[in-house]
Amino acid sequence: MVTGDAAYIKKINRSFLISKIIEHGLVSRAELSKITGLNKATISVQVADLLNEELIVETQQEHNNLGRRPIMLSLNRKAGFALGIDLDYKQITFTLSDLLGFPLSSETISLNTSDYENVLELLVENIQSFQEKCSNSQYGIVGIVIGIHGIVTEDEIIHFVPQHNWHNKNLKLDIKAKTGIAPHIKNNANLCAFAEQVYNHHESENLLCVSLYSGIGLGIMINGELYEGYHGYAGEMGHMIIVPNGKPCNCGNKGCWEQYASESIFFKQLSEKQNKTDITYLDIQNWINDPDAIISQEMNDYIEYLSIGLNNIINLYNPETIVLNSELLKMHPESINEIKARLTSSVSHFEELLVSEFGKEACVMGACSLAIKNFLEIPELKLNIEEEDIPKIAVDVPTWR
Ligand SMILES: [Zn+2]
């Protein structure tokens with residue numbers, strides 16, 4: 001099977017070259033040969049193919065002291081677009097990025113229904129409008145990835161979304177039937193972990209991302225790959241029991257971590273103590289800036305329970321990087337040191353613990369970058385954007401309310 005092998009090797013070389021072109025931004029053929037160890041003839045054939053497909057472009061460098069201006073190669077970032085969708089409880093965010101994962105537009109629409117057919121219709125309408133907008137580019141929409149705040153099977157069927165009370169929905173097929181594109185359906189915590197690795201922690205192959213909002217979800221990257229478990233349900237750490245016979249949870253058990261350390265519980269408890277309904281993030285920010293005994297005690301309890309769960313996760317994975325995705329912790333930067341002060345076991349080890357810069361945007365950014373990685377069929381993706389280029393999703397009112 002010589003031809004089969006040759007085709008396989010060609011494909012491997014191609015994906016390796018594309019990921020190196022993305023990583024280096026602008027790179028000459030000679031540099032590519034040096035970086036990849038592939039000979040110049042191989043590089044030349046592959047580059048010609050990629051130029052033909054309009055996946056890369058050539059540019060002549062302006063200044064070169066040696067007199068010869070090398071021709072530089074870069075990814076043709078406008079050849080197509082990735083669409084990342086965060087399907088949350090009360091809102092849907094659509095972010096369109098170029099092929100280098102740079103967000104070009106981001107819009108959030110509110111969602112006032114849990115009816116599956118209505119939500120499907122909304123998604124289809126919006127996807128069709130993006131297909132139309134992108135139809136003039138070489139590849140149009142290259143991929144759509146939808147983040148689900150619930151359990152997704154390994155073959156991308158929605159198993160259960162607690163807040164919409166959806167069971168066994170094949171959103172992938174339903175959208176494909178109406179738009180012609182089969183989106184990838186992923187758990188939002190997994191997409192958050194993927195975004196952290198692709199954009200912010202290139203060198204961290206063993207990364208955990210804990211999303212703390214209506215519940216607690218864990219995205220797991222092991223050796224640079226998302227770990228989703230046998231059925232696809234790995235990372236449901238919100239249902240790890242941390243208090244024996246504790247508060248009842250909707251999963252049927254008592255004392256689950258998310259009954260103590262999710263943001264929604266923090267809001268609920270604070271609301272009871274402060275005797276104020278509909279607390280917003282702004283209220284919390286004001287209380288943190290000007291703390292009283294109630295907020296100090298609540299924050300202290302929250303961090304205590306959060307640290308207990310983190311300690312357990314650290315013992316399970318021995319991660320290099322742990323990213324906490326939480327608007328609440330973002331508002332209270334001191335919290336990281338307070339958590340670290342509680343992680344003092346001589347057994348549990350990690351390298352780095354920090355709060356996500358992406359916050360609520362992590363899901364759509366992970367969705368866009370996963371769509372790009374799938375389209376280009378590359379083994380690893382390293383993207384760079386500046387913090388000010390990250391779209392900001394309004395988070396004044398909690399999304400679970
Ligand atoms: Zn539970």
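Contact map, the stretch 222-244: first residue within 24 Å of K254 (Cβ to Cβ) and among the aliphatic types (A, V, I, L, M), second residue open to solvent by 40 Å² or more (accessible area, probe 1.4 Å) and within 11 Å of the ligand (Cβ to nearest atom), Cβ cut-off under 7 Å, separation 6 or more or different chains; pairs are I241/N253. I need the full set of residues from the stretch 247-272 which are acidic (D, E) and surrounded by fewer than 24 Cβ atoms within 10 Å (Cβ to Cβ), in order please. Passing the criteria: only E272.
Here is a check on your reading of the model: is G232 within 12 Å of the ligand (Cβ to nearest atom), of a type in the set (G, A, S), on the phi > 0 side of the Ramachandran plot and assigned to a loop (DSSP other than H, G, I, E, B)? So G232 does not fit the description; no. Screening the candidates S97, S110 for the property of being open to solvent by less than 60 Å² (accessible area, probe 1.4 Å), touching a strand residue (DSSP E or B) at 6+ places or on another chain (Cβ under 8 Å) and of a type in the set (S, T, N, Q) yields one hit, S97. Candidates are the residues of the stretch 376-396 that are surrounded by 15 or more Cβ atoms within 10 Å (Cβ to Cβ) and touching a Phe, Trp or Tyr at 6+ places or on another chain (Cβ under 6 Å); the one that is nearest to G147 (Cα to Cα) is V395. Restricting attention to the stretch 205-229, the residues that are closer than 16 Å to T153 by Cα, surrounded by 24 or more Cβ atoms within 10 Å (Cβ to Cβ) and not aliphatic (A, V, I, L, M) total 2. Residues in the stretch 106-123 that are closer than 20 Å to A82 by Cα and either basic (K, R) or in a strand (DSSP E or B) (or both): 4 in all. Looking across the stretch 22-36 at every residue that is open to solvent by less than 60 Å² (accessible area, probe 1.4 Å) and touching a helix residue (DSSP H, G or I) at 6+ places or on another chain (Cβ under 7 Å), the one that is nearest to E58 (Cα to Cα) is identified as V27.
The values are calculated or read from the model by the stated rules, or taken from the named source; none is laboratory data. All values reported here derive from a predicted model rather than from experimental measurement. Glycine gets a Cβ as well: all are built from the backbone with ideal geometry, and neighbour counts include every protein chain shown. What goes into the accessible areas is simple: the full protein's heavy atoms, side chains included, and nothing from ligands, DNA or RNA. Shrake-Rupley method; radii C 1.70, N 1.55, O 1.52, S 1.80 Å.
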